[in-house]
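The block underneath contains the structure these notes are about, expressed in structure tokens.
The values are calculated or read from the model by the stated rules, or taken from the named source; none is laboratory data. Predicted, not measured: the structure shown is a model, and the values here were computed from it. Virtual Cβ from ideal backbone geometry, glycine too; neighbours counted across all protein chains shown.
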Amino acid sequence: MKIGFCTDPATLASLPSRPDCDFIEGHVVNFLTPEAPDADFAPRAAALKACGYPMPAANVLLPAALKCSGPDIDYARLDRYAQTVFRRCREIGMTLIVFGSAGARMVPEGFPLTKGFEQYVDLLKQFGPLAEEQGVTLVVEPLNRGECNLVNTILEGAEAVRRANTAGVKLLVDIFHMLRNGESPDDIVKVGPLIRHAHIAENKDRAAPGVNGEDFRPYLRALRRAGYNDRLALEPIWTDLPRQLGPALIELRRQLTDAGY
């Protein structure tokens, strides 16, 4: 399993030592800046090249104001936005984009949730081929019920992926969100063939592994039983990144070893 964490080249450069990780995961809105001119993106691309770590993935596809559910969807803007995202991915060697985006995805009060789900699936159908053309996979990230009201569990995420029925759209397993929802590790095995990426953080305070001593092994064993052995990114709320990162990587690797990786 390749281990990384969510950050950007500027933050990485501020650390006192080079982290013992395989990759970093970026932020679409803040790093790829899809609605900014190419000239504004160029320095970010250069900083990534200079940082010495690959950035194969980025999360937070959409800003909260760019809605993908409800009565006020701007499909033309979404199409332009997505085309820029996936083109810039190709330019920097990024191959995976995480579609979480709780604010953009949140179904407005009074709008039918079933209609919101259909809108989300339709957007996956629209984005999937655009991603595939640029060599990118778009992964659905189920979000816990406290953050979003649409596609909360990995079983619901799998249903969205199957309904989209396009090669460019797959599934992410986020162990933090599963813990918040109380989802069973066995559900990971049920959706194994769809999984292309994974995130992790502790349930309490969304802390880094080891802070509260939480046991991820049942979920890690389920990932292994599902046949997943690709990338796993730390996505906690850091309270002291330089101090916490090293121990978090050590603890995660320890639990991965215990789980059979």
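From D40, D22, which residue is over 22 Å from S101 (Cα atoms), among the acidic types (D, E) and in contact (Cβ under 8 Å) with a residue 40 or more places away in the chain? One residue alone meets the criteria, D22.
Residue count for the range 15-65 satisfying the condition of being of a type in the set (S, T, N, Q) and on the phi > 0 side of the Ramachandran plot: 1. Restricting the range 96-120 to residues that are assigned to a helix (DSSP H, G or I), of a type in the set (A, V, I, L, M, F, W, C) and surrounded by fewer than 19 Cβ atoms within 10 Å (Cβ to Cβ) leaves a set whose member that is nearest to the chain's Cα centre (by Cα) is A102. When Y53, Y81 are checked against the criterion of being modelled with pLDDT of 95 or more, in contact with a strand residue (DSSP E or B) (Cβ under 6 Å, 6 or more places away or on another chain) and more than 17 Å from H197 (Cα to Cα), a single residue qualifies: Y53. So, in the range 121-131, of the ones that are over 27 Å from F23 (Cα atoms) and in contact with a Lys or Arg (Cβ under 9 Å, 6 or more places away or on another chain), which residue ends up surrounded by the most Cβ atoms within 10 Å (Cβ to Cβ)? Restricting to residues being over 27 Å from F23 (Cα atoms) and in contact with a Lys or Arg (Cβ under 9 Å, 6 or more places away or on another chain), the top hit is V121. Per the conditions (1) buried (at least 16 other Cβ atoms within 10 Å of the Cβ); (2) in contact (Cβ under 8 Å) with a residue 12 or more places away in the chain, the sole criterion not satisfied by T33 is (2).
Of the residues making up the range 1-44, those that are in contact with a Leu (Cβ under 9 Å, 6 or more places away or on another chain) and of a type in the set (A, V, I, L, M, F, W, C) are M1, I3, F5, C6, L15, C21, I24, V28, V29, F31, F41.
Being touching a residue at least 60 places away in the same chain (Cβ under 8 Å), small (G, A, S) and crowded, with 18+ Cβ neighbours inside 10 Å: is that true of A233 here? Full working, then the answer.
Numbers: touching a residue at least 60 places away in the same chain (Cβ under 8 Å): yes; small (G, A, S): yes; crowded, with 18+ Cβ neighbours inside 10 Å: yes.
Against the criterion (touching a residue at least 60 places away in the same chain (Cβ under 8 Å), small (G, A, S) and crowded, with 18+ Cβ neighbours inside 10 Å), A233 qualifies.
Here L62 meets the list (1) surrounded by 21 or more Cβ atoms within 10 Å (Cβ to Cβ); (2) part of a loop (DSSP other than H, G, I, E, B); (3) out of contact with any Cys (no Cβ under 7 Å at 6 or more places or on another chain) almost entirely, failing just condition (3). Looking across the range 5-21 at every residue that is surrounded by 14 or more Cβ atoms within 10 Å (Cβ to Cβ) and touching a Pro at 6+ places or on another chain (Cβ under 8 Å), the one that is farthest from H199 (Cα to Cα) is identified as L12.
Within the range 203-261, restricting attention to residues that are closer than 22 Å to H27 by Cα and of a type in the set (G, A, S), the residue that is nearest to the chain's Cα centre (by Cα) is A233.
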